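Nothing in this text is a laboratory measurement; each read-out follows from the coordinates by a stated rule. Source: prediction; values computed, not measured. Please note: Cβ atoms are built from the backbone with ideal geometry, for glycine as well, and neighbour counts cover all protein chains shown.
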Amino acid sequence: MKKMKGLCGSPGYGIGTAVIWKNTTTKPPRYAVDDRATEETRLKRAREACDARLCELEEKTAAEVGEAEAEIFSAHRMILSDETFFENALARVEPERLNIEYLIYDECRKVVATFAELDDAYLKERAADIENVCNDVIRRLLGESAPSAPNAGTDVEDVILVAGNLTPEETVRMDKTKLRGFVTEKGGITSHAVILAKAMGLPAIVGLPGALENVAPQDKVLIDGFTGEVIIQPDEEAYKAFLGKYEKWKKLESQYELASCLHSETRDGFHVDVDVNVGDAWSIRDFDAKKCDGIGLFRTEFIYMGVSDYPGEDVQYEIYKDIASRASGKEVIIRTLDVGGDKQLEYMGLRKESNPFLGCRAIRLCLARPDIFNTQLRAILRASSHGNVKVMFPMIANLEEVRLAKECLEKAKRSLREEGAVFDENIPVGIMVETPAAVFISDQLAQAVDFFSVGSNDLIQYITAADRMNESVQHLYDSCNLSVLRSMREVSRSAAACGIPWGICGEVASEERLVPLWVALGVSELSVAPSQVGKIKQLVRRMDRKTLEPEMERILDMDSIAGARDALDAILENLP
């Protein structure tokens, strides 16, 4: 038996058999060339092929894992589009008469060496991103295909993958039905492989030198994502001790599974709907109306991704109709198309923007392209006759956008009436509150709509002016920032004043320390990942809202993030 300890990448326990993955990078040959033009053409084609591949991975990740995680491949596309880096390599072709793949390899080594000397963990990890992109371009130039999935072809049912390192592509492409966790020699807790592991619910240990030397194929391996411990070929005593922790953890997970079917009501009778987020074909397939209170966020982007042209009205209608029917009368909140800017779809012909998160996306794009918007609104309206469907507009920044969007909805209604179509004439209309602008005029917006849903991921990002995928400023992207918490209070007050329900559909909806605050503020609905429903319902059932309210007002008046976080943790720990 051997014990090793690495960094805790992603929490959880994993028991399985070792599968070894040694991802090798081909060093390109160095040979003489005649002219720059030929090499420039080869590079252009290779970059175009790589970009197409990254687009596919971005769409696959958005559908199977999540939108935030898909931004990893968006970042890789930005590196790929960096003209300065590739021009440095091209500029050396004529004077040195060398092939472009070798020059890219050489330039990449210089950049990675420079990054390796930095103290900033985030920048060190981003050097790996540059290296991944360069290796992909080099493979294309050499005519090599993309590497296979790390655990492809193995007959091992419970896989603990042990690797030198894992690229985001390798992580996404792994067969997750057999994977029970992974261990890597390289990488830190801010690596993209770790971000993806957390999103996929996989335990991961990273930064463990010597893992490949100490683990052999077919070894029994136990990994503890809470402590970073890896046990190789455990003896009977160690295995029993680990199995005890594993089974206790699984038992807790089972309790949450049972709680998912219960009513979510506080001890003093305040009800909170706990809905699920749905946004891809897999989550639609696995949707179980008995284990939640409805769908708080139906992301429609996946319908537009992975296709070569706009999805028609009937295609969309069938998807919306199916999920509305399967919800068995429970609410289904359908968010209208949220693409543009950072989410590029080739056939839409969207122009590149220097700051896509502040660009023409979501409702801005829909209002600018009424033909696309009308098709979707008609499909949603037709589906509303099959269930409790609500429509929601994202990225609202002013009242004018709400009025224009509602006018478009009325236009779609008129056209359906003329055709004799059946739909809900009084379909509820809501908005995403995810911009500071919407918070500041939430009192006016509440008079114009039927419900609010706070998109906390974007709201925190915009309030703190911090990119959540950028580790160098991620400490500013803080859900306990008092500005964020007070913004939520403002939204709750505006909703209460107009008597409309409000919910939360970002990650903070399932952040345990914050759930008591949301309950105290009178949240109507929390929309979370399906795996989190039972945990949140069980948590709500332990609370007494009237007791929490004065405590939360005290916390919101604090003057430090750390103080607010500690106070919230104390409340959570002291719940009965």
List, largest first, the extents of the alpha carbons of the stretch 506-551 along their principal axes, each in whole Å. 31, 19, 17
So how compact is the chain: Cα radius of gyration and Dmax in angstrom? 25.4, 81
Give me HIS192, HIS271 ranked fewest to most by other Cβ atoms within 10 Å of their Cβ, as a rough exposure proxy. HIS271, HIS192
If we restrict to alpha carbons, what Rg and Dmax does the stretch 439-556 come to, in Å? 14.2, 41
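Express the Stokes-Einstein translational diffusion coefficient of the stretch 127-221 in µm² s⁻¹, to the nearest whole number, given a Kirkwood radius over alpha-carbon pairs, 20 °C and a viscosity of 1.002 mPa s.
Details: Rh = 14.1 Å.
Stokes-Einstein gives a translational diffusion coefficient of 152 µm²/s.
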How much length is gained on full extension from SER145 to ASP175, taking 0.36 nm per residue of separation minus their Cα-Cα distance? 8.9 nm
How high is the FRET efficiency from ASN426 to LYS186, r the C-beta distance, R0 56 Å, rounded to 0.05? 0.50
Label points 7 Å out from Cα along the Cβ direction at SER385 and SER325: separation in nm? 1.3
Mean residue ellipticity at 222 nm from the helices of the chain, using -39,500 (n - 2.57) per DSSP H segment of n ≥ 4 over the full residue count, to the nearest 500 deg cm²/dmol? -14500 deg cm²/dmol
Estimated FRET transfer efficiency (ASP286, ARG97; beta-carbon r; R0 45 Å; 0.05): 0.20
Which lysines have a Cα lying under 24 Å from the Cα of LYS330, excluding residues fewer than 8 positions away in the same chain? LYS290, LYS291, LYS321, LYS390, LYS406, LYS413, LYS535, LYS537
Residues with amide H under 5 Å of GLY181's amide H, sequence separation 5 or more or different chain, H placed in the peptide plane at 1.01 Å from N; which? LEU161
Enumerate the calculated ³J(HN,Hα) couplings along the stretch 202-218 in order (Karplus 6.51 cos²θ - 1.76 cosθ + 1.60, θ = phi - 60°), each rounded to whole Hz, writing x wherever the residue is Gly or Pro. 9, x, 9, 10, 10, x, 10, x, x, 4, 5, 6, 9, 10, 10, x, 6
Rank-order 32-43, 170-181, 89-100 by packing density, defined as the average count of other C-beta atoms within 10 Å over each peptide's residues, highest first. 170-181, 89-100, 32-43
Using label points projected 7 Å from each Cα along Cα→Cβ, tell me how many nm separate LEU399 and MET558, to one decimal. 3.7
Rounded to two decimals, what is Rg over Rh for the stretch 340-487 when you use alpha-carbon atoms and the Kirkwood radius? 1.02
Beyond 22 Å, what percent of the Cα pairs of the stretch 36-141 remain? 35
Please arrange VAL422, VAL183 by how many other C-beta atoms lie within 10 Å of their C-beta, fewest to most. VAL422, VAL183
For the chain, give me every cysteine whose Cβ has no other Cys Cβ within less than 4.7 Å, ordered by residue number. CYS8, CYS50, CYS55, CYS261, CYS292, CYS360, CYS366, CYS408, CYS480, CYS498, CYS505
What is the ratio of the Cα radius of gyration of the stretch 133-284 to 2.2 N^0.38 Å, with N the residue count, to two decimals? 1.30
What length, rounded to one decimal in nm, is gained on full extension from ASP35 through to ASN23, with 0.36 nm per residue of separation minus their alpha-carbon distance? 1.0 nm
Listed with the fewest Cβ neighbours within 10 Å leading, LEU350, LEU556, LEU196 appear as LEU556, LEU350, LEU196
Which three extents, in angstrom, do the Cα atoms of the stretch 230-357 have along their principal axes, listed largest first? 61, 45, 28
Describe numerically, in nm with one decimal, the distance between label points set 7 Å from Cα along Cα→Cβ at ASN355 and at ALA529. 3.1
Evaluate E = 1/(1 + (r/R0)^6) for SER254 and LYS2, where r is the Cβ-Cβ distance and R0 equals 25 Å; express this FRET efficiency to the nearest 0.05. 0.20
